[in-house]
Amino acid sequence: MLSSRDMPGSMVIMDFKAPAGFGPPRHVHRKDDEIFLVKRGHIALWTPLHCGTAGPGDLVALPAGLAHAWRACDEEAVEMEIITSPGEFETFFHDIVERDLTLRDVEELTDVASMAGMDILGPPLTAEEADIIFSAGRVY
């Protein structure tokens, strides 16, 4: 939607879609603040400080340096607007597509993430972990 080429060093706005059950590995952005605006579906969100859920209309702010992971829940895909600032993270998705990587390509994903200013810390949330977060009933 808005690339770092449009506003160098400022921000990136991405329209992100993921299937039900998808979630990135636990990770941390070294320099990028990240904001999710959930448009469709529900996510379970984990940070070392707080766990919660977010659904359509919810906004989640994750400052640079805060480890996090999320998982699309229910039987519905998730759609989010993701805003990162200053936008170093933008190259990550392009490189994943270009290299045709999946979550099973751990070593290559780790390298691509590092080049995009992100460190992979651990595996994605499991379905069981997401269920525990949802059962707690806390909204992020």
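So residue 32 passes all but one of these: (1) among the acidic types (Asp, Glu); (2) under 25 Å from residue 114 (Cβ atoms); (3) out of contact with any helix residue (DSSP H, G or I) (no Cβ under 6 Å at 6 or more places or on another chain). Which condition number does it fail?
Of everything listed in (1) among the acidic types (Asp, Glu); (2) under 25 Å from residue 114 (Cβ atoms); (3) out of contact with any helix residue (DSSP H, G or I) (no Cβ under 6 Å at 6 or more places or on another chain), residue 32 misses just condition (3).
Output the residues belonging to the range 112-140 that are crowded, with 16+ Cβ neighbours inside 10 Å and farther than 13 Å from residue 29 by Cα. First the steps, then the outcome.
Kept after step one, since they are crowded, with 16+ Cβ neighbours inside 10 Å, are these residues of the range 112-140: 112-113, 116-118, 120, 124-125, 129-130, 133-134, 140.
Listed by number, the residues that qualify are 124, 125, 129, 130, 133, 134, 140.
Against the conditions (1) within 22 Å of residue 129 (Cβ to Cβ); (2) of a type in the set (A, V, I, L, M); (3) more than 15 Å from the chain's Cα centre (by Cα), where does residue 97 fall short? Just the number, please.
In the conditions (1) within 22 Å of residue 129 (Cβ to Cβ); (2) of a type in the set (A, V, I, L, M); (3) more than 15 Å from the chain's Cα centre (by Cα), residue 97 misses (1) alone.
Just give me the residues in the range 27-80 being under 15 Å from residue 132 (Cβ atoms) and among the aliphatic types (A, V, I, L, M), in sequence order. Give the steps one after another, and end with the answer.
Of the residues in the range 27-80, the ones under 15 Å from residue 132 (Cβ atoms) are 42-47, 50-53, 69-71, 73.
43, 44, 45, 69, listed by residue number.
Tell me, please, whether a residue that is under 14 Å from the mean Cα position of the chain (by Cα), modelled with pLDDT under 95 and outside any strand (DSSP E or B) can be found in the range 118-127.
Taking every residue of the range 118-127 in turn, none turns out to be under 14 Å from the mean Cα position of the chain (by Cα), modelled with pLDDT under 95 and outside any strand (DSSP E or B).
Mind checking which pairs have a first residue in the range 121-135 that is closer than 26 Å to residue 65 by Cβ and a second that is not β-branched (Val, Ile, Thr) and not in a strand (DSSP E or B), Cβ under 7 Å, 6 or more apart or different chains?
Cβ pairs passing all conditions: 121/67; 124/23; 124/24; 124/103; 125/23.
Could you please let me know if residue 85 is closer than 14 Å to residue 12 by Cβ and polar (S, T, N, Q)? Show your work before the answer.
Working: closer than 14 Å to residue 12 by Cβ: yes; polar (S, T, N, Q): yes.
Spelling it out, residue 85 is indeed closer than 14 Å to residue 12 by Cβ and polar (S, T, N, Q).
Could you pull out the residue among 135, 114 that is more than 20 Å from residue 21 (Cβ to Cβ) and of a type in the set (S, T, N, Q)?
Working: 135 fails: more than 20 Å from residue 21 (Cβ to Cβ).
The conditions single out 114.
So which strands (runs of 3 or more DSSP E) are wholly in the range 1-111 and hold at least 3 residues that are surrounded by 14 or more Cβ atoms within 10 Å (Cβ to Cβ)?
Numbers: elements: 12-18, 25-29, 33-40, 42-46, 51-54, 59-62, 69-73, 78-85.
Qualifying strands (runs of 3 or more DSSP E): 12-18, 25-29, 33-40, 42-46, 51-54, 69-73, 78-85.
I need the full set of residues from the range 63-100 which are touching a residue at least 40 places away in the same chain (Cβ under 8 Å) and among the aromatic types (Phe, Trp, Tyr), in order please.
Hits for the range 63-100 are 70, 89, 93.
The values are calculated or read from the model by the stated rules, or taken from the named source; none is laboratory data. As the structure is a computational prediction, the values presented were derived from the model and not from experiment. Methodologically, a virtual Cβ is constructed for each residue, glycine included, from the backbone with ideal geometry; neighbour enumeration extends over all protein chains shown.
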